[in-house]
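Peer 1: My questions all concern the structure below.
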């Protein structure tokens, strides 16, 4: 069925319900959500909005392109965004190191070739992927704003303007949340909006016109279980594994997805598209893992270091799994 809104809703709801149930058994501490719900919602508003949009856009693009296309794009584009913003601001980045640039270029080249070879790709899917990329840019900018709410005085009003004040308010509320509360809220907050968006897009008619089959329901349930398992694993292993180990597990899982789809002969799964996906994922994984090497040097060369004027954080834009070894 062509129901990205419903699929996003099911995944988000299953994860949020699992965290809510876990709190009753003291597995994860989410008491902050019930003790100060308005403050928590304010703190998670930006991240939850972007997370919900990203899931909805990826499921929408999957309707008109292959899994390989999605995997290649989602692995290479965030690296290109980080490198591009580093160049635009004149800041140093390990992605621009001589031994990493060829890996980023290889990932980008393989992704472009994937676009050309993907026989299932449509312009609508490409638009969805471009919109998803825009949300990744917004995610990166939000990290920078949390480090320096005025972006060095670039925003209207400077450090003491209304916009900088609003950024500080949301950032402080977000900083007060622990990881389980964040995981609960980023899944719970956008669940209903993505479902409404789906029904606005006529998904209700799609559900009525296509009777659910047992295999379809089974795949939907397995996908939801996988989403819950990945989210739980990220929380449980967050403080037990190094950044390199977490990144290696994540990239290994993505390469496993390529092998699974090739074995199942899903739409668009040919030998050449599979090879492009392997190159894109392998090169992106190599570039990502290289960001964890270098010790103190990695700290000095992380993206946008020093952008926050007078700030204490350094303005790193890496995801948690991609943080340099000694970054706080």
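The values are calculated or read from the model by the stated rules, or taken from the named source; none is laboratory data. Small disclaimer: the values here were computed from a predicted structure and weren't measured. No Cβ is skipped: glycine too gets one built from the backbone with ideal geometry, and neighbour counts run over all protein chains shown.
Peer 1: Out of 133, 125, which single residue is at pLDDT 90 or above, over 16 Å from residue 42 (Cα atoms) and outside any loop (DSSP other than H, G, I, E, B)?
Peer 2: Details: 125 fails: at pLDDT 90 or above.
Answer to the selection: 133.
Peer 1: Being modelled with pLDDT of 85 or more and touching a helix residue (DSSP H, G or I) at 6+ places or on another chain (Cβ under 9 Å) is the filter; apply it to the stretch 227-240 and report the residue that is nearest to residue 18 (Cα to Cα). So that I can check it myself, show each step before the final result.
Peer 2: Initial filter on the stretch 227-240 (modelled with pLDDT of 85 or more): 227-229, 231-232.
After this cut, where a residue has to be touching a helix residue (DSSP H, G or I) at 6+ places or on another chain (Cβ under 9 Å) as well, the list is 227-228, 231-232.
Values: 227: 11, 228: 7, 231: 10, 232: 9 Å.
Ranking the qualifying residues of the stretch 227-240, first place goes to 228.
Peer 1: Hey, another quick one. Residues in the stretch 208-226 that are modelled with pLDDT of 75 or more and exposed (fewer than 12 other Cβ atoms within 10 Å of the Cβ): how many? Walk me through how you get there before you give the answer.
Peer 2: Within the stretch 208-226, the subset modelled with pLDDT of 75 or more is 217-226.
The next check asks that each one be exposed (fewer than 12 other Cβ atoms within 10 Å of the Cβ); those that pass are 217-219, 222.
So the answer is 4.
Peer 1: Moving on to the next point. So, in the stretch 156-199, of the ones that are under 22 Å from residue 61 (Cα atoms) and surrounded by fewer than 20 Cβ atoms within 10 Å (Cβ to Cβ), which residue ends up modelled with the lowest pLDDT?
Peer 2: 199
Peer 1: Spot the failing condition for residue 13; the list is (1) under 19 Å from the mean Cα position of the chain (by Cα); (2) crowded, with 19+ Cβ neighbours inside 10 Å, and only one is missed.
Peer 2: Every condition holds for residue 13 apart from (2).
Peer 1: If you don't mind, there's one more thing I want to ask. Just to be sure I understand, how many residues within the stretch 84-115 are more than 16 Å from residue 130 (Cα to Cα), modelled with pLDDT of 85 or more and in a helix (DSSP H, G or I)?
Peer 2: Count: 10.
Peer 1: For a quick check of your reading of the model, give me the residue pairs whose first member lies in the stretch 265-294 and is under 17 Å from residue 253 (Cβ atoms), whose second is at pLDDT below 70 and in a helix (DSSP H, G or I), with beta-carbon atoms closer than 6 Å and at least 6 apart or on different chains.
Peer 2: From residues that are under 17 Å from residue 253 (Cβ atoms), the pairs are 288/322.
Peer 1: Also, I was wondering about something else. Please work out which one of (1) modelled with pLDDT of 80 or more; (2) over 16 Å from residue 52 (Cα atoms); (3) in the same structural domain as residue 22 (by TED's automatic domain parsing); (4) loosely packed, with under 14 Cβ neighbours inside 10 Å is the condition residue 202 fails and give its number.
Peer 2: All conditions pass for residue 202, except number (1).
Conditions (1) within 19 Å of the chain's Cα centre (by Cα); (2) modelled with pLDDT under 70, marked per residue:
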{"residue": "246", "(1), (2)": "yes, no"}
{"residue": "249", "(1), (2)": "yes, no"}
{"residue": "279", "(1), (2)": "no, no"}
{"residue": "282", "(1), (2)": "yes, no"}
{"residue": "286", "(1), (2)": "yes, no"}
{"residue": "293", "(1), (2)": "no, yes"}
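Peer 1: Right, here's the next one. Is there a residue being buried (at least 23 other Cβ atoms within 10 Å of the Cβ) and in contact with a helix residue (DSSP H, G or I) (Cβ under 7 Å, 6 or more places away or on another chain) anywhere in the stretch 81-88? Before the answer, list the steps.
Peer 2: Narrowing the stretch 81-88 to residues buried (at least 23 other Cβ atoms within 10 Å of the Cβ): 82.
Filter again for in contact with a helix residue (DSSP H, G or I) (Cβ under 7 Å, 6 or more places away or on another chain), leaving 82.
Yes, because at least one residue in the stretch 81-88 is buried (at least 23 other Cβ atoms within 10 Å of the Cβ) and in contact with a helix residue (DSSP H, G or I) (Cβ under 7 Å, 6 or more places away or on another chain).
Peer 1: Can you pull out the residues in the stretch 22-31 that are within 24 Å of the chain's Cα centre (by Cα) and assigned to a helix (DSSP H, G or I)?
Peer 2: Residues of the stretch 22-31 within 24 Å of the chain's Cα centre (by Cα): 22, 28-30.
Once the filter is applied, which keeps residues that are within 24 Å of the chain's Cα centre (by Cα) and assigned to a helix (DSSP H, G or I), the stretch 22-31 yields only 22.
Peer 1: If you go through the stretch 66-80 one residue at a time, do you hit one that is part of a helix (DSSP H, G or I) and farther than 28 Å from residue 127 by Cβ? If you could, list the steps in order and put the result at the bottom.
Peer 2: From the stretch 66-80, those part of a helix (DSSP H, G or I) are 67-80; that's our starting set.
Then keep just the ones that are farther than 28 Å from residue 127 by Cβ; that gives none.
Looking through the stretch 66-80, none of the residues is part of a helix (DSSP H, G or I) and farther than 28 Å from residue 127 by Cβ.
Peer 1: Closer than 23 Å to residue 194 by Cα and in the same structural domain as residue 136 (by TED's automatic domain parsing): does that describe residue 21? Step through it out loud before you land on a result.
Peer 2: On the way: closer than 23 Å to residue 194 by Cα: yes; in the same structural domain as residue 136 (by TED's automatic domain parsing): yes.
For residue 21, the condition - closer than 23 Å to residue 194 by Cα and in the same structural domain as residue 136 (by TED's automatic domain parsing) - is met.
Peer 1: Among the residues of the stretch 255-277, which ones are modelled with pLDDT of 80 or more, buried (at least 20 other Cβ atoms within 10 Å of the Cβ) and farther than 14 Å from residue 107 by Cα?
Peer 2: Those that are modelled with pLDDT of 80 or more, buried (at least 20 other Cβ atoms within 10 Å of the Cβ) and farther than 14 Å from residue 107 by Cα: none in the stretch 255-277.
Peer 1: While we're looking at this one, here's another question. Can you tell me how many residues in the stretch 24-40 are closer than 23 Å to residue 221 by Cβ and surrounded by fewer than 19 Cβ atoms within 10 Å (Cβ to Cβ)? Steps first, answer last, please.
Peer 2: Of all residues in the stretch 24-40, those closer than 23 Å to residue 221 by Cβ come to 24-25, 27-28.
Adding the requirement that they be surrounded by fewer than 19 Cβ atoms within 10 Å (Cβ to Cβ) leaves 24-25, 27.
Summing the residues that are closer than 23 Å to residue 221 by Cβ and surrounded by fewer than 19 Cβ atoms within 10 Å (Cβ to Cβ) in the stretch 24-40 gives 3.
Peer 1: Would you check which residues across the stretch 137-149 are touching a helix residue (DSSP H, G or I) at 6+ places or on another chain (Cβ under 7 Å) and either closer than 13 Å to residue 47 by Cβ or not in a helix (DSSP H, G or I) (or both) and list them?
Peer 2: Filtering the stretch 137-149 down to residues touching a helix residue (DSSP H, G or I) at 6+ places or on another chain (Cβ under 7 Å) leaves 137-140, 142, 145-146, 149.
Passing the criteria: 138, 139, 140, 142, 145, 146, 149.
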